[in-house]
Amino acid sequence: MADHHPRRELHRLPAAGDGAPILLAIGISQHSGPLAAAIRKLFGSSPSWMLPYVVGFVGVVSSIMADSAFVVVPPLAALVFKAAGRHPVAGLLGGFAAAGAGYSTNIFPTSLDALFAGITTSVMDARRRTSSSPP
């Protein structure tokens with residue numbers, strides 16, 4: 001009977017080697033504060049006419065923070081909209097929609113990119129093995 005303990009099988013996960021350092025770096029930068037500070041800086045330095053576009057951009061780029069983008073971006077967008085004299089619910093909904101729409105889309109590498117790269121590499125290796133075998 002084979003021993004299939006999860007810790008012993010972790011090395012077979014395609015993205016374990018690539019994704020672990022990226023997840024660690026994102027986790028450290030998220031909990032130490034620079035990601036949220038960068039988002040606050042982007043919101044605070046924008047003119048009021050540009051706020052919907054900034055919310056959309058920040059929502060897409062915030063996917064680097066993974067799931068916490070849904071917790072950080074909408075309330076900040078609501079606060080910024082309220083400070084600019086706009087309705088805060090519009091900022092809240094815009095922040096949520098932007099974070100959701102851009103969840104796995106980003107202009108920067110994220111933890112999902114490392115995961116997808118590992119999966120794609122393992123699929124392509126399997127495809128090469130099956131296509132190079134004689135019929």
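Numerical summary
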| read-out | value |
| --- | --- |
| Additional length obtainable on full extension of the chain from Ser45 to Ala25, 0.36 nm per residue less Cα span | 4.6 nm |
| Region 83-135 - accessible surface per residue (Å², probe 1.4 Å) | 69 |
| Packing-based order for 77-85, 52-60, using average beta carbon neighbours within 10 Å, highest first | 52-60, 77-85 |
| Ranked by how many other beta carbons lie within 10 Å on average, peptides 65-71, 95-101, 120-126 from highest | 95-101, 65-71, 120-126 |
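The values are calculated or read from the model by the stated rules, or taken from the named source; none is laboratory data. These numbers were taken from a predicted model, which means no experiment stands behind them. As a convention, Cβ positions derive from the backbone with ideal geometry for all residues, glycine included, and neighbour counts pool all protein chains shown. Just so you know, the surface numbers come from the protein's heavy atoms only, side chains and all, with ligands and any DNA or RNA stripped out. Shrake-Rupley method; radii C 1.70, N 1.55, O 1.52, S 1.80 Å.
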